[in-house]
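Each remark here refers to the structure printed beneath this line.
Since every read-out is calculated from the coordinates, none of them should be taken as a lab result. Since this is a predicted model, take the numbers as computed values, not measurements. Note that we place each Cβ from the backbone using ideal geometry, even for glycine, and neighbour counts take in every protein chain shown.
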Amino acid sequence: MADDHAIVREGICLVLRGYSDIEVIGEAADGAQAIEQVEKLKPDVVLMDISMPVMGGLDAIQAIKQKFPEVQVLALTVHESPEYLRRVLALGAAGYLLKGTTSSELVSAVRAVHAHGMYLDPKVTRKLVDEFVPKEGGAEGAKGAYGDLSKREREVLRYIAEGQTNQEIGRILYLSPNTVQTYRSRIMEKLGLHGRAELIKYALRAGFLDKE
């Protein structure tokens with residue numbers, strides 16, 4: 001857990017320690033300390049504040065993902081600007097959560113990124129959707145060969161956009177995780193995308209999170 005405010009850091013750690021499946025193994029007061037702790041402790045997940053002294057969270061995320069790509073990073077911040085969300089995803093983080101969130105949402109986010117899924121704060125995601133979704137044309141107005149996707153591929157893409165893991169999508173659609181991964185690969189090939197972050201960005205542009 002990396003945050004320069006000790007009382008915030010201690011409060012979040014206290015919440016997380018209340019869950020038997022989560023173990024807090026280290027704390028840091030700035031980005032440089034966070035990198036040192038990751039190198040020393042090899043955590044599964046890092047909760048990273050963005051605005052910190054000495055070294056900010058963005059630089060720390062970049063360094064951690066370059067040196068330890070297997071470590072999942074969840075940004076925990078006060079910044080509601082979609083620009084920060086875009087930058088965090090571009091650096092390889094797996095999630096973005098506002099500090100005004102509830103304890104249960106925090107825990108859900110930690111569990112999601114630990115399972116190699118994604119977790120995006122709905123409040124910031126909504127702002128990003130408003131920026132990217134075309135005024136007219138819906139999903140057909142987004143870039144990429146959307147019309148080439150099958151009905152099942154579109155379903156899988158929407159669940160990916162919501163941050164669901166292969167296992168979770170499989171349970172929802174009654175498919176094996178391997179089958180979901182096959183659909184994921186086909187979607188990326190048809191749309192000319194590379195990686196989870198690009199899939200999320202495409203789905204946002206296409207308006208998948210704007211439909212119920």
(request) Of the listed pairs Lys151/Lys190; Lys99/Lys127; Lys99/Lys123; Lys123/Lys151; Lys127/Lys201, which have alpha-carbon separations greater than 19 Å here? (result) Lys123/Lys151
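Using the alpha carbons of the chain, what is the convex hull volume per residue in cubic angstrom, as a whole number?
Taking the convex hull of the Cα positions in the chain, it is 120 Å³ per residue.
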(request) Please quote Rg/Rh for the range 6-128 to two decimal places, taking the Kirkwood radius as Rh and restricting both calculations to Cα atoms. (result) 0.92
(message) In whole Hz and in residue order, list the ³J(HN,Hα) couplings for the range 90-95 that follow from phi through the Karplus curve 6.51 cos²θ - 1.76 cosθ + 1.60, θ = phi - 60°; x for Gly and Pro.
(response) 5, 7, x, 5, 9, x
(message) Just want the ordering: Ile187, Ile25, Ile160, from fewest to most Cβ atoms lying within 10 Å of their own Cβ.
(response) Ile25, Ile187, Ile160
(request) For each of His5, His114, count neighbouring Cβ atoms within 10 Å of the residue's Cβ, then give the residues from fewest to most. (result) His5, His114
(message) Placing unit charges on C-beta atoms (Lys and Arg positive, Asp and Glu negative, everything else neutral), compute the dipole magnitude of the range 6-128 about its Cα centre in debye, rounded to 20.
(response) 340 debye
(request) Sum -39500 (n - 2.57) across every DSSP H segment of at least 4 residues in the chain, then divide by the residue count to get the 222 nm mean residue ellipticity, nearest 500. (result) -15500 deg cm²/dmol
